[in-house]
Structure formats: C-alpha cells, structure tokens
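Here's the structure we're looking at; comments come further down.
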Amino acid sequence: MRSSSSTLLAEPGRPAAGLSLVRRRLTDGLSLVRLAAWLAVAALVLVPFGSMIVLAGTEHLATLFEGDVVEAGLNSLVSSLASALGAVLVGGALALIIERTDIPGKGALRLFAFSPMLVPPFVGAISWVGLAGPASPVNRWWREQFGEPLWSVYGADGVIMLLIVHSYPIAMLIITAALRRVPADLEQAARIAGASAPRAMLTVTVPLLRGAVLSAFTLTAVSNLADFGIPSILGTPERFTTLSTLVYRYIQSGTVDDPLAVVATIGVVLLAVALLALVLDVLIGRTSVELDASASPAEPLPLGRWRPAAAVLSWGGVLAITLLPLLALLEQSLLPAPGVPLTPETITTDSIERALTASGTITGAVTSIWLAGLAAVICTVIGLVIGTLVTRTRARDNRALHTLAIMPQAIPGLVIAVAWLVIAPRIGLFNTPWLILVAYVTSFLALVVQSVHAPLSATPLTAEEAARVSGASRGRALLDISLRMAMPAAIGGGVLVALTAVRELTLSALLLSPGSQTLGVVIFSLQQGGGSNAASALALIVTVVGLAGLGLAAPRRR
Amino acid sequence: MATVSLDRIDVRFPDGTVGLREISLDVRDGEFVALVGPSGSGKTTLLRAVAGFLRPAAGSIDIDGTVVAGAGGFIEPEHRGLGMVFQQHAVWPHWNVGRNVEYPLRMQRVPKARRAALTTAALERVGLGGYERRDPATLSGGQRQRVALARALVAEPRVLLLDEALSALDEPLRDRLRLELQALTRELDLTVIHVTHDRDEALALADRVVMLDGGRIVQVGAPEDLVERPASAAVARFLSDAALVEGCLDAEGFAAYNHPLRLPASAVAGARGAVTLAVLPEAIAIEPGDDAVVTSSLYGRDGSDVVLDWAGLSVRCRSRAHRPSVGDRMRVVVDRAIAYPAADVSAARPLAESVAA
C-alpha cells in the first residue's frame with residue numbers, strides 16, 4: 001500500500017466492463033485520519049515544547065550559571081545518577097533472582113517487588129517520613145537509647161534512597177523482559193559445553209543483558225533527574241534543593257525576575273538531556289544482538305544450601321521497602337499528631353476523618369476524577385488512532401508520528417509542565433484547570449500508544465490486505481479491522497492513564513490554578529502545612545483505592 | 001472466472017531496487033498457474049501487483065479485459081473482484097468464523113439472508129459446515145486456512161490468488177489441502193494464480209508453471225515441459241536438481257573441461273560450441289565401479305536419492321535397484337543431457353532468448 005499519488009488517478013468516463021474504475025481522492029478517509037493524528041501530536045507535543053524553546057532563547061543562559069541553579073543542577077545530577085545506579089543494581093539482582101533461580105514464592109515476590117511502581121513517589125516519600133523521619137518510632141527509640149536518631153530520611157541520602165525505591169521496578173521490568181528473551185538453549189548449550197550452572201548464567205545470560213541494563217540506567221536517570229514529589233518532601237527540610245523544587249519555588253514565589261523565562265531555560269536544558277538519553281537508548285538498542293525465539297523454558301538455577309539465606313535476604317529486603325512504609329502510613333493515619341506513640345489509647349480515626357472532611361479533599365477528589373477521566377478518554381481516542389496508524393498502515397511518516405507521540409514519556413513531567421505554562425497565556429488556558437488536562441494528555445498519551453503498539457505490531461499486515469481483497473476501502477479496512485483489533489488494548493491503556501493521572505502530583509502542583517486543586521496537591525499541601533497525619537491518611541486511602549483499581553484493570557489489559 | 005494478462009510489467013521498490021522487469025504473461029480463463037522461483041525471484045511481488053498492493057512502474061495489468069493498472073488508471077484492490085489466501089491465513093481474530101467468511105459479501109451489500117446462505121455454503125465447501133459461530137482462536141492451523149479459503153471463495157471471485165497458501169501447514173495436512181484445492185478449483189472452474197516455493201507443489205497443481213528468477217520470467221510451460229525441456233541450465237538446476245558441467249560440444253561429442261565426462265553427440269540435445277551441460281538426475285544411472293564416491297543416500301518411496309562426488313562434481317541421481325551407503329564407490333553412467341550456450345549459467349534472461357532446446 002503506497003501512499004496516494006495524483007498522477008495515477010483514473011480518467012473519468014473510461015468504460016469499465018464489469019469493474020467500476022473508482023477514483024482515488026486525496027481526501028480519502030485514511031488520509032484525513034492521518035492528518036488529524038498529526039494535528040493532535042503537533043498541538044500536544046510540538047507546540048508546547050517549541051514555544052518553551054523559543055521563550056527560553058539565549059538571554060537567560062547566564063542564569064543557569066548562578067549559584068542557586070548550579071547547586072540545584074548538581075544536586076539533581078548526583079541524585080539522578082546515584083539513584084539510577086542503585087535502581088539498576090537492585091532491579092537487575094531481583095530480576096535475576098526471581099526469573100532464573102529457585103527462590104521460594106517467586107510469584108508473590110515479583111508482585112511485591114513491582115509494587116512501588118504502583119505507588120505515587122510523593123506518597124512513598126510521605127510514608128517513609130512516618131517510617132524513618134526524625135519523629136518516627138524507630139528514631140525516637142534510638143534517640144532515647146543513644147541520644148541521637150539512627151537515620152533520618154530527610155536530606156540527600158533519603159532523596160536518593162526513595163528515588164531508588166521508586167525507580168528500581170522500571171529497571172527490573174526492562175531487565176526481566178530482556179531476560180525472558182534470552183533463549184534458554186543458550187545457557188543449555190553452555191552447560192553441555194562444560195560450564196557450571198552459575199557460570200553459564202554469568203558468562204552467557206548476563207552479558208546478553210548489557211543493552212537492557214544500559215537502557216534501564218538511562219531511563220531511570222532521566223526520570224529521576226526531575227522528580228518533584230520526593231525532593232520537595234524529603235529534600236526541602238534539609239535545604240537539599242533540586243532543579244524541580246527550584247522551579248517550583250520560582251513559579252510559586254517569583255523570587256527572580258521574569259520567572260517564566262528562567263524556568264523555560266532550565267526546562268530546555270532538561271529537555272535536551274532527556275532527548276540525548278532517548279537518542280542514546282535508540283543507539284544502544286541498535287547495537288544489541290539479535291536473539292532467536294526459543295520454545296524451551298529456562299531451567300532455574302538451584303541455589304542449593306544458599307537458598308534459605310537468599311530467600312530471607314530477598315524477601316526481607318523487598319518487604320522492608322514495600323510493606324513497611326505502607327504500615328508506617330497506616331500507623332500515621334491512626335495517630336492524632338506526629339510523635340505520639342502508638343498505643344491502644346492513642347489510636348484514633350480523627351486524622352482519617354479530618355482528611356476526608358477537609359473542604360479541599362472532596363473538591364480535590366472531584367477535580368482529580370474528572371480531570372483524570374477526561375484525560376483518559378482523550379488519550380484513548382488519540383492513542384488508539386495513532387497506535388493503529390503506525391502499526392497497521394505502511395507510510396513513510398509512521399516512524400516520526402510514533403516517536404513524537406511517545407517522546408513525552410521520556411521527558412520529565414517538570415519539563416512538560418513548564419512547556420504548557422509557557423504557552424498557556426497565549427492560548428487562553430492560563431489559570432484554568434484545562435491546562436492540567438492538556439498536560440496530562442501530553443504526558444500520558446504514550447501509555448495508550450504503547451499498549452496498542454506492542455500487541456498489534458506482532459500481527460502481520462495481511463489482516464488488512466485480506467479486507468482490501470474482500471472489497472473494503474482503505475478507510476473501511478482501518479475501521480473494520482485495524483481499529484477493532486486495537487480497541488481492547490487502547491481501553492486497557494486508557495484505564496492505566498486514569499489511574500496514573502488521578503494520583504499525579506508534579507504537573508498538578510506546577511500548573512495549579514484557583515479551583516483546580518487535585519488530590520495529589522491536597523495531600524501535598526496537607527503534608528507541607530503540618531497536617532502530616534491527615535496527609536498520611538489521605539495518601540493511604542488514595543493508594544489502596546488506586547491499587548484496587550489497578551488490580552481490577554489488570555485482567556482486562558490482557 | 002476470468003483472464004489475467006500482464007503486459008511488460010516493471011515494479012520498483014521505494015528504495016530503488018527492481019522487483020520485476022518486463023513481465024508479460026497471459027493467464028487463460030479457468031487456468032491454474034503456479035509461480036515458482038528461488039526466494040527473491042519476484043514471485044510474491046508479481047502476485048501482489050496483480051492483487052493491487054503494488055503499483056507497477058511501467059506496463060499494464062488487465063483483468064477480464066479491464067485495465068486495472070497501467071497508463072489508463074489504477075483500480076484499488078477492493079474493486080478488482082479477487083479472492084486471496086495468505087501464508088499466515090490472516091483470519092481476523094476479533095470476529096467469529098461466520099463473520100470472517102461473510103465479510104466480502106457485506107462489502108458488496110448482499111442482503112443478510114443471502115449472506116448467511118452463501119456463508120454456510122462456502123464453509124461446507126471447505127469442510128467446515130456448522131463452524132459459523134466458532135472463535136478463530138479455537139481452530140487449528142489447517143482449519144484457519146480453510147476459513148481463509150472459504151472467505152476468498154464466498155463472493156465468487158474472478159481470480160483466486162494464493163500466496164504461499166499451503167506453506168505454513170504441516171506436511172500431511174498440506175498434502176490433503178493440496179488435493180482438496182485442486183478438486184475445488186476445478187469444480188468451480190476458477191482462474192488461480194498460486195505462488196509457492198515448493199517445486200513439487202507447483203508441478204503437481206498447475207496447468208502451467210511460470211518460473212521466475214531475478215525479477216524476470218525464465219520459462220513458462222506445462223509442468224512436463226519444465227521438467228523435460230528446461231529453457232536454461234538455471235531452470236534445470238532449480239527445478240530438477242540437474243548437475244551442470246562446463247565443456248565443449250562438437251560433431252565428435254561432448255568433452256567436459258577438467259572432468260572425465262564424455263558423451264557422444266547423439267546423447268546431447270541443444271547448442272553446439274562452448275556449452276554448459278545440464279544432466280538431469282533421471283538421466284544418470286549408477287552401478288558398482290570406481291568413478292565416484294557416494295556422499296549422501298536418502299531413502300525415498302520411488303528409489304533412493306543419491307548424491308555423489310564425481311571428480312569434484314556433485315551429481316544427483318535416483319537409484320531404484322539398491323540403496324548405496326555413504327562412502328561406496330560407484331560408476332556413473334550418463335545416457336543423455338541438454339546443452340546450453342556457456343554464458344547461460346546464471347541465466348536471468350527473458351523467455352524469448354532462452355528457448356534453447
């Protein structure tokens with residue numbers, strides 16, 4: 001199917017015995033749909049990022065070298081690199097242990113290990129304050145014994161640790177996927193050739209994961225470069241400023257002249273870093289080796305006498321970073337104020353009540369739900385069309401369309417927020433909730449495009465060709481075959497968008513306008529305003545509801 | 001039930017490589033034509049040009065007297081009135097069997113009751129009566145391919161295009177569907193163009209076989225023509241596993257360069273002078289002796305398929321009498337051969353020039 005060309009149009013009036021010589025118009029259904037998809041991507045991606053680049057210009061480049069910005073930049077860089085390294089180490093080790101050894105309780109361990117991905121980072125930060133903040137039970141007890149707290153989660157080390165906790169599942173996901181693509185017979189061949197089981201794993205499988213490891217590192221480094229929730233909750237009290245918290249401060253309090261231009265300049269630098277990482281990732285992917293599919297399942301590596309120790313270590317570690325913070329969150333929710341010891345007498349539902357009845361909570365929940373719902377619907381429609389076009393038709397612009405549509409996934413939310421902030425006054429969205437909506441759509445469109453792309457690119461294009469031969473036009477084949485096949489995946493992606501957006505903080509906090517406080521912002525404000533028990537209670541409720549929602553959505557995504 | 005004629009078709013791919021060059025072919029009404037050739041020879045490209053998925057850069061395609069591609073215009077695949085079966089069946093997973101099969105009728109706006117009747121008939125014809133409500137995911141590979149065939153036939157296409165339609169199936173099933181396909185197409189008197197990489201399948205099914213190489217037609221003819229009178233050394237090698245020997249042929253007979261093979265002139269058909277000699281397996285007999293060493297000996301129903309190393313030349317033959325073992329020394333007896341002009345080894349020349357024998 002080549003794209004249309006006007007020179008081959010049929011001559012009207014030519015006699016056609018038994019066949020109707022149908023004229024191909026340049027405006028056939030497919031071309032219109034493609035045009036609409038391009039317009040949507042232009043409006044959602046090209047225009048905001050373009051105007052951010054234009055506004056940034058070059059006149060504010062000097063501000064990048066001012067003390068505040070340099071310090072924040074260094075802090076961001078160090079925390080992102082350190083946390084990416086940690087995430088790859090933790091994620092890689094867990095992937096190998098779970099996928100390729102006989103550790104007990106694999107399925108449950110995998111589920112627990114992935115769970116931090118389902119908890120919004122700022123909620124994780126709040127729960128760790130309950131677990132290892134200065135007023136937490138552990139630190140209080142330690143101070144009573146030794147005069148000073150054991151370890152406070154506030155500060156650079158806490159920020160890095162929390163970034164690791166919330167990004168290692170991504171690394172684990174990437175490395176697990178790569179691990180499953182390594183055919184088991186490669187290791188079996190090494191065994192036959194005389195290598196021991198651990199040696200076969202270390203010399204055959206692990207080297208083949210290099211591409212995935214590098215890819216996981218760049219991805220987590222970029223996404224951690226501009227995380228907002230964790231550094232603002234854990235870093236700010238210790239004056240550990242990162243670029244994202246700096247930008248937030250500039251926008252909120254206007255401590256610099258022309259704050260929009262300054263943050264646009266910072267945004268452009270971050271955008272450049274993100275795009276560079278994206279290019280790197282593509283280059284890494286290109287140099288990776290090609291693997292054949294293998295039918296035989298991998299034989300798990302027997303841990304032998306190390307099995308109990310390995311089990312205790314991995315289960316203990318995973319539970320400590322997943323279950324313990326949630327328990328701390330629960331404990332905080334049941335206490336009236338921070339620092340009060342948990343005894344049967346002090347348990348109260350006051351905080352939960354306060355959280356649920358606070359005036360902001362209900363409106364925040366309503367705002368979040370309609371914003372997330374609307375974003376999900378829009379993303380589903382646009383993502384369905386783009387995902388279908390790029391996987392089910394042949395056209396030269398498919399790759400560009402796909403790349404542009406999924407690019408925002410690799411760009412920090414901070415940059416997306418700044419880009420929309422820059423263009424908002426010009427399109428009349430300044431200080432309206434719609435600004436948050438369009439930013440959500442930009443940010444999460446990739447979720448739907450990717451969930452359509454993955455299953456559909458495996459089906460050969462003959463599905464549509466069979467429809468064409470059966471008498472369907474291009475547009476009709478797209479409607480009857482391609483879109484219909486893509487629909488379940490797109491809806492699954494849309495549910496994911498809704499569940500992600502409803503608990504979002506970065507975009508919502510930076511694009512905050514009167515009357516558009518989302519749930520995330522309500523929790524964040526409660527935490528910042530000293531109501532940390534109410535914040536914990538609300539965070540717990542949102543997390544539990546969110547996990548339940550994901551659990552319900554999971555079977556549909558298959 | 002229609003004719004297909006191609007007139008000097010050229011196809012070029014977007015990257016500039018040539019897919020087809022000056023293809024001219026007339027498929028008669030009700031004829032079963034098989035396209036064969038090594039991979040990359042252009043056989044699938046030719047089929048896709050007939051279907052309308054590729055636009056020829058030059059030349060014209062004519063179905064039943066109507067130009068579907070060429071200077072006069074271009075008719076999209078959906079308006080060509082064809083049926084097509086793909087290698088990977090392409091049965092739509094989101095619809096049940098009945099919905100899949102009736103789709104071409106829907107496109108023609110056939111009323112519902114008639115659609116149902118035609119669908120039932122088409123499914124019965126391929127041996128899947130009563131399968132209308134089945135989910136394609138619950139069918140076996142062979143059943144899915146039958147669904148695809150029913151879908152291709154339901155609207156009574158003018159031409160049936162088969163793109164490696166049987167190649168993805170297991171051997172016993174492929175054999176059965178081959179028989180059914182022939183019975184069905186003869187019963188319906190269908191014009192069929194069948195692309196396959198399976199040489200025996202092409203020879204077995206087709207009225208005429210078209211052999212392509214390098215984007216050109218190298219020979220068109222009845223199966224026995226291609227087997228007994230290959231148009232070039234390349235055709236003989238591809239279709240019949242002929243051994244090719246360089247040498248000189250004159251009134252005295254044939255003498256190979258650097259090889260002991262000598263043949264009297266009466267045993268050699270074809271060109272004179274510097275030639276490439278094609279020796280078909282059927283023209284070779286072996287007996288105990290000292291000329292050649294057996295390098296492989298595969299059992300077959302009608303004789304063993306024996307490959308020998310004969311003074312550096314690999315020759316293939318069928319031995320009905322007994323099955324030699326690998327390493328046995330044998331004497332090779334060649335009783336006839338076909339000679340082609342010497343330059344003809346890679347032979348990707350148009351048909352007209354290469355009618356040699």
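Table for the structure above
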quantity	calculated
Magnitude of the charge dipole, the range B:234-354, Cβ model with Lys/Arg +1 and Asp/Glu -1, debye to 20	220 debye
Selection from A:128, A:116, A:74 lying farthest towards where the dipole of the range A:61-192 points positive, charges on Cβ	A:116
Residue order, fewest to most beta carbons within 10 Å, for B:297, A:351	B:297, A:351
Angle between chain A longest axis and helix A:307-333 axis [Cα atoms, degrees, rounded to 10]	80 degrees
The range A:323-354: GluC sites (Glu not before Pro) falling in loop per DSSP and having at most 13 other Cβ within 10 Å	A:345
Range in chain B, longest, excluding exposed chymotrypsin sites (Phe, Trp or Tyr not before Pro) [loop by DSSP; at most 11 other beta-carbon atoms within 10 Å]	B:1-256
C-alpha center-to-center spacing [the range A:420-463, the range B:260-322] in angstrom	68 Å
Convex hull of Cα atoms in the range A:25-123, direction-averaged projection (nm²)	12.9 nm²
Net charge dipole size for the protein assembly as shown [Lys, Arg +1 and Asp, Glu -1 on Cβ; Debye, nearest 20]	1580 debye
The range B:4-227, dipole about Cα centre (Lys/Arg Cβ +1, Asp/Glu Cβ -1), debye to the nearest 20	940 debye
Positive-end residue of B:95, A:325, B:169, charge dipole of the protein assembly as shown with Cβ unit charges	B:95
Where only C-alpha atoms are counted, convex hull volume of the protein assembly as shown per residue in Å³	231 Å³
Farthest toward positive dipole pole in chain B [+1 Lys/Arg, -1 Asp/Glu at C-beta], among B:226, B:310, B:260	B:226
Centre separation in Å (Cα based) which lies between the range B:213-244 and the range B:38-68	22 Å
Shielding of A:456-462 by partner chains, average beta-carbon count, 10 Å	3
Where only alpha carbons of the range A:336-430 are counted, the Rg and the Dmax (Å)	22.1, 70
Space enclosed by the convex hull of the alpha-carbon atoms of the range B:1-70, per residue, Å³	78 Å³
The range B:146-261: projected area of the alpha-carbon convex hull, averaged over directions, in nm²	10.1 nm²
Volume per residue that the Cα convex hull of the range A:59-300 spans, once the total is divided by residue count, Å³	159 Å³
Protection proxy ranking, peptides A:136-142, A:234-240, A:62-68, A:489-495, average beta carbon neighbours within 10 Å, highest first	A:489-495, A:234-240, A:136-142, A:62-68
Two-decimal Rg/Rh across chain B, once Rg and the Kirkwood Rh are taken from alpha-carbon atoms	1.05
The range B:167-263: trypsin sites (Lys or Arg not before Pro) in DSSP coil with no more than 11 other Cβ atoms inside 10 Å	none
Bridge type composition, the protein assembly as shown - antiparallel percent by DSSP, nearest 5	75 percent
FRET E, pair residue B:225, residue B:299, Förster distance 22 Å, beta-carbon r, rounded to 0.05	0.15
The range B:206-343: C-alpha gyration tensor shape, a/c 1.5 cut-off, then a/b vs b/c	oblate
Cα-projected label distance for residue B:259 with residue B:156, points at 7 Å along beta-carbon direction, nm	5.5 nm
Shielding by partners, peptide B:150-158 (average Cβ within 10 angstrom, other chains)	2
Computed [θ] at 222 nm, deg cm²/dmol, the protein assembly as shown (DSSP H ≥ 4; -39,500 (n - 2.57); rounded to nearest 500)	-16000 deg cm²/dmol
Largest-first ellipsoid semi-axes for the range A:139-187, taking √(5λ) over the Cα gyration tensor eigenvalues, angstrom	41, 13, 6
The range B:234-354 - share of DSSP beta bridges that are antiparallel (%, nearest 5)	90 percent
Partner chain coverage, peptide B:86-93 - average Cβ within 10 angstrom	6
Angstrom value of the Kirkwood radius, inverse mean 1/r, which spans all Cα pairs in the range B:78-210	14.9 Å
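Just so you know, all these numbers are worked out from the coordinates, no wet-lab data involved. It should be emphasised that the depicted structure is a prediction, and the values quoted were computed from it without experimental measurement. Cβ coordinates were reconstructed from backbone atoms using ideal geometry, including for glycine residues, and neighbour counts include every protein chain displayed.
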